[in-house]
Amino acid sequence: MKLAIVGTGYVGLVTGACLAETGHTVYCIDTNREKIDNLNKGKMPIFEPGLEDLVITNHKKGRLHFLSNLPQILNDVGVVFLAVGTPPKADYSADLSAVVAVSEEIGRNLSKPVIVVTKSTVPVGTSDLVKETIAQNLKKNIAFEVASNPEFLREGAAIQDFLEPDRIVIGVSSKRAERLLREVYRYFIQNERPFLVTTIKSAEVIKYASNAFLATKISFINEIASFCEASGAVIDDVARGMGHDSRIGHKYLHAGIGYGGSCFPKDIKALIATGKSYGCDFNLLEAVEAVNRAQRLRLVAKLSKHYPNLKGKNVAIWGLAFKAKTDDIREAPSITIINELERLGATIRAFDPVVKLGDSTIQSEDMYSCCDGADALLILTEWEDFLYPDFEELKRRLRKPIVIDGRNLYSPAEVAANGLRYESIGRPN
């Protein structure tokens with residue numbers, strides 16, 4: 001089947017590459033000509049394990065194409081996926097201007113029946129807006145349908161998540177749309193992946209509800225971690241004991257410095273804002289947000305116990321990405337922490353295996369030189385590079401042997417045995 005994906009951001013590029021991998025002919029469309037030119041040369045706009053190989057392979061096989069002109073192929077495809085950005089506006093509601101612009105373009109140029117599928121994370125009711133916008137711009141009466149197909153991709157594991165999904169959700173209003181989307185996902189259905197058919201509005205809510213629940217688990221375990229520190233319990237033991245309950249599970253019960261990235265922060269705020277427009281207050285999610293904001297600064301508070309005045313102190317940072325295996329620093333806790341440290345007068349030197357900030361923050365070429373002469377080391381991302389450091393080398397490089405671990409990477413006893421003062425989240429020092 002011939003498919004179009006509008007938008008070559010994180011969701012659009014992964015979706016296009018993976019659908020091409022399952023045998024479809026896919027046209028990825030983006031108005032950014034430089035990005036399209038680079039993709040045609042095999043240059044990736046994002047870092048995602050496995051994505052480059054998938055894109056290059058399917059591009060060479062002629063199944064994956066990159067264009068900047070949607071009308072050029074619009075009437076050659078049976079399904080158009082909308083995967084454009086929906087960034088937050090000033091009131092935290094989702095900015096749907098790109099969705100509307102693409103819908104207008106589809107309406108103006110459509111000459112044969114098509115199904116338009118919202119793949120971007122959009123508020124409930126957006127598919128109705130897409131349908132109305134296309135209809136208003138049609139030059140003649142042409143049958144088309146709108147459906148919802150939310151994505152559930154984790155940065156750093158997006159290829160696996162797409163090709164081995166927990167579930168595929170489609171929201172449709174007709175059997176024809178269901179049949180076509182079953183054909184799009186035939187590879188997955190044949191491999192017995194759960195394929196859920198819902199109403200369009202239910203599909204739109206499922207995405208937000210899923211992210212909200214996972215964010216709630218993160219904020220919850222971080223609240224419990226604070227209580228563990230106060231009461232003398234160990235968060236690792238508590239989380240492990242909770243996770244063995246099949247109703248709870250182990251995932252997203254890792255205490256740390258809170259969630260970040262392009263999804264959770266944006267989606268929680270958007271769901272709260274959408275709820276208000278329907279007269280529904282998400283009091284729980286507002287608390288989740290508040291806990292997450294506060295959690296980011298806990299490492300600064302821990303450092304301040306060692307240095308009540310941080311002015312002139314040199315602080316080493318390991319990790320800038322909001323999580324490992326991605327170069328994404330959108331809403332990354334590291335940015336909040338660095339900004340606060342600089343506000344308090346500290347000088348920052350950082351190292352990340354992938355991320356390059358390109359601003360005033362000094363970045364080192366390796367993890368050990370980053371620590372030369374530093375008064376403390378803060379660990380902010382759980383990169384594999386940091387899992388087995390040479391503690392003797394680390395101690396030699398640091399001016400003061402203080403390590404504050406926002407990801408609980410090490411055993412406190414192990415670090416202490418190497419002569420370092422170590423603090424982490426929810427565990428005894």
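The values are calculated or read from the model by the stated rules, or taken from the named source; none is laboratory data. Only a predicted model underlies this, so the values are computations on that prediction, with no experimental measurement involved. Positions of Cβ are backbone-derived with ideal geometry, glycine not excepted, and every protein chain shown enters the neighbour counts. When the accessible area is computed, the model is the full protein with side chains, heavy atoms only, and any ligands, DNA or RNA have been set aside. Shrake-Rupley method; radii C 1.70, N 1.55, O 1.52, S 1.80 Å.
Give me the accessible area per residue for the chain, probe 1.4 Å, as a whole number in Å². Please list the in-between numbers first.
Numbers: 19060 Å² over 429 residues.
Accessible area per residue: 44 Å².
With +1 on the Cβ of every Lys and Arg and -1 on the Cβ of every Asp and Glu, and nothing else charged, how large is the dipole of the stretch 346-407 about its Cα centre, in debye rounded to the nearest 20?
Details: 8 positive and 13 negative charges, 66 e Å.
That gives a dipole near 320 debye.
From the Cα trace of the stretch 248-394, what convex hull volume per residue do you get, rounded to a whole Å³?
Values: hull volume 21.1 nm³, N = 147.
Hull volume over Cα atoms, normalised by residue count, gives 143 Å³.
Taking the chain as a Gaussian network, where each spring joins two C-alpha atoms under 10 Å apart, which residue of His59, His244, His24 fluctuates the most?
His244
Tell me which GluC sites (Glu not before Pro) from the stretch 142-193 have a DSSP coil assignment and no more than 13 other beta carbons within 10 Å of their own. Don't skip to the answer; put the middle values down first.
Working: sites: Glu145, Glu151, Glu155, Glu178, Glu183, Glu192; in loops: Glu151, Glu155, Glu192.
Qualifying residues, ordered by number: Glu192.
Under the rule of at least 5 residues apart or a separate chain, name every residue whose amide H is placed under 5 Å from the amide H of Ile168.
Amide H neighbours of Ile168, under 5 Å, 5+ apart: Phe195, Leu196.
Measure off, as a whole percent, the carbon and sulfur share of the 1.4 Å-probe accessible area of the chain, all protein chains present.
On the way: 9720 of 19060 Å².
Carbon-and-sulfur percentage of accessible area, whole number: 51.
From the residues Thr121, Gly358, Leu96, which one has its Cα farthest along the dipole of the chain in the positive direction, the dipole being from +1 and -1 charges on Cβ of Lys/Arg and Asp/Glu about the Cα centre?
It is Leu96.
GNM, the chain, Cα, under 10 Å: largest mean-square fluctuation among Asn408, Asn141, Asn69?
Asn141
Using label points projected 7 Å from each Cα along Cα→Cβ, tell me how many nm separate Ser246 and Ala287, to one decimal.
For Ser246 paired with Ala287, the spin-label model returns 2.9 nm.
What label, among [x] 1.21; [y] 1.08; [z] 0.95, belongs to Cα Rg over 2.2 N^0.38 Å computed from the structure on display?
Read-out from the structure maps to [y].
Relative contact order for the stretch 313-359 using alpha-carbon pairs under 8 Å, separation at least 6, rounded to a whole percent? List each step's numbers first, then the result.
On the way: 58 pairs, mean separation 23.4, N = 47.
Relative CO of the stretch 313-359 lands at 50 percent.
If you stretched the chain out fully between Lys400 and Glu365, how much longer would it get, using 0.36 nm times the residue separation minus the C-alpha to C-alpha distance?
Computed gain between Lys400 and Glu365 is 10.5 nm.
Name the long-range amide H neighbours of Ser411: under 5 Å, sequence gap of 5 or more, or other chain; modelled H, no Pro or chain starts.
Close amide H contacts, sequence-distant or interchain: none at all.
According to a simple spin-label model (label point 7 Å from Cα along Cα-to-Cβ), what is the distance in nm between Thr199 and Asp53?
Each label point lies 7 Å from its Cα, and together they span 4.4 nm.
Taking the chain as a Gaussian network, Cα atoms linked when under 10 Å apart, which of Leu394, Leu196, Leu271 shows the biggest mean-square fluctuation?
Between Leu394, Leu196, Leu271, it is Leu196 that shows the largest mean-square fluctuation.
Report the local net charge at Val238: Lys and Arg +1, Asp and Glu -1, summed over other residues whose C-beta lies under 14 Å from its C-beta. Spell out each step's value before the answer.
Numbers: positive: Lys217, Arg240, Arg427; negative: Glu223, Glu229, Asp236, Asp237, Asp245.
After counting each charged neighbour, the total is -2.
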